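Input: a single structure, listed below in structure tokens.
The values are calculated or read from the model by the stated rules, or taken from the named source; none is laboratory data. Just so it is clear, the model here is predicted, and its values are computed rather than measured. When we count neighbours, we look across all protein chains shown, and the Cβ atoms used for this are built from the backbone with ideal geometry, even at glycine. Just the protein is used for accessible areas: all its heavy atoms, side chains included, with ligands, DNA and RNA removed. Shrake-Rupley method; radii C 1.70, N 1.55, O 1.52, S 1.80 Å.
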Amino acid sequence: MDEMEFMATMEEVKSSKLELLKSVENVGESFKANELKNIDYEFLLNLQNYQPAHRYYTKNSEFKPSEEFLKRLEDVDYKNETDYSNSQFYQRLVQSYYSDKIASSENPSDVFEMINTEAFPALKQDLTNMLNYQISPNNEHNEAYFNGLMAMSTDDKYKENLTVKYNKMKGLAKGQPSPQFTDYENHKGGTMSLEDLKGKYVYVDVWATWCGPCIREIPSLQQVENDFHGKNIAFVSTSIDRAKDHNTWVEMVKDKQLGGI
């Protein structure tokens with residue numbers, strides 16, 4: 001939907017819920033008061049989700065809603081600890097607000113410092129669990145995320161696991177030497193090590209027979225292999241299937257006519 005149609009639809013949904021709440025009998029006033037907030041927070045959450053959902057479904061990664069559309073979100077209080085404990089919609093609204101604020105910042109460390117100073121404990125705990133997944137090989141701000149999450153958490157086990165993960169990710173960062181693989185079984189026979197490919201560019205695709213997105217990616221990988229055929233590059237598809245699924249791997253490579261190594 002375009003934003004005007006979407007806004008009108010969300011307003012209609014909100015109105016129908018308010019009418020239903022108004023018609024309910026024999027419930028306490030505190031319940032009704034909480035539900036009024038809940039309905040409003042659900043409405044605001046839908047507005048907040050509009051941009052990423054619209055980008056996903058239209059495949060337009062540059063889409064941005066108008067300033068007028070986003071005005072409804074300008075006056076939200078993201079520091080209400082009571083509402084955070086009472087409303088899942090408010091929780092998601094707040095969590096997305098802060099995670100987006102970090103992701104869109106050129107200096108995530110400053111945002112983490114602000115959150116660590118201002119946020120209440122339950123929010124900090126939820127954010128540490130959420131943002132743990134942002135530490136990955138393609139995140140150029142891994143250090144800021146690591147330091148920020150370490151400062152926010154009070155869980156020693158969490159910090160220990162996060163440190164292990166962060167150190168692994170550092171080894172996979174852009175510009176680092178590739179991790180080695182040694183004597184991996186080659187579908188075409190024999191074994192293969194990364195060292196055998198020294199002097200070539202090497203494209204490594206990690207996949208599994210049970211991985212739906214991996215399977216959907218195969219035609220694209222085949223196209224890339226075809227485009228670079230005869231060039232000084234090796235295409236290596238490394239399966240992470242378990243040993244018990246060895247035969248499934250053998251048959252899928254045949255069935256999907258996987259090229260490369």
Under the Karplus relation with 6.51, -1.76 and 1.60 and θ = phi - 60°, whole-Hz ³J(HN,Hα) for the stretch 240-254, x at Gly and Pro, equal 10, 4, 6, 4, 5, 9, 4, 5, 4, 4, 4, 6, 5, 4, 5
For the chain, what is the calculated [θ] at 222 nm in deg cm²/dmol (nearest 500), taking -39500 (n - 2.57) for each run of four or more DSSP H residues and dividing by its residue count?
-18500 deg cm²/dmol
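Taking GluC sites (Glu not before Pro) as exposed when DSSP calls them loop (any state but H, G, I, E, B) and at most 13 other Cβ atoms lie within 10 Å, what is the longest stretch of the chain free of them, the sites themselves excluded? If you can, show how the numbers build up before the last one.
Working: sites that count: 25, 62, 74, 106, 140.
For GluC sites (Glu not before Pro) (loop position, at most 13 other Cβ atoms within 10 Å), the longest site-free span of the chain is 141-261.
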I need the Debye-formula profile for the stretch 126-187: one equal scatterer per C-alpha, no solvent, reported as log10 I(q)/I(0) at q = 0.21, 0.24, 0.25, 0.30 1/Å, two decimals.
-0.80, -0.96, -1.02, -1.32
Amide H of residue 258 versus every other amide H placed in the peptide plane: which residues, excluding those fewer than 5 positions away on the same chain, fall under 5 Å?
none
Ordered by packing density, taken as the mean number of other Cβ atoms within 10 Å over each peptide's residues, highest first, how do 237-250, 91-104 rank?
91-104, 237-250
Computed on Cα atoms, Rg of the stretch 150-233 relative to 2.2 N^0.38 Å comes out at 1.52
Which whole number in µm²/s is D for the chain by Stokes-Einstein, with the Kirkwood Rh taken over Cα pairs at 4 °C and 1.567 mPa s?
57
Going by amide H atoms built from the backbone, whose H comes under 5 Å of the H on residue 234, apart from near neighbours?
201, 202, 203
Please check: in the Gaussian network model of the chain (C-alpha springs, under 10 Å), which one of 53, 144, 208 has the largest mean-square fluctuation.
208
What accessible area per residue, rounded to a whole number of Å², is obtained for the chain using a probe radius of 1.4 Å?
66
Tell me, what does the Kirkwood hydrodynamic radius of the stretch 68-128 come to in angstroms if you use every pair of distinct C-alpha atoms?
12.3
Protein accessible area in the chain, 1.4 Å probe - carbon and sulfur %:
49
Rounded to the nearest 10 degrees, the helix 3-23 long axis (Cα) sits at an angle to the longest Cα principal axis of the chain of 50
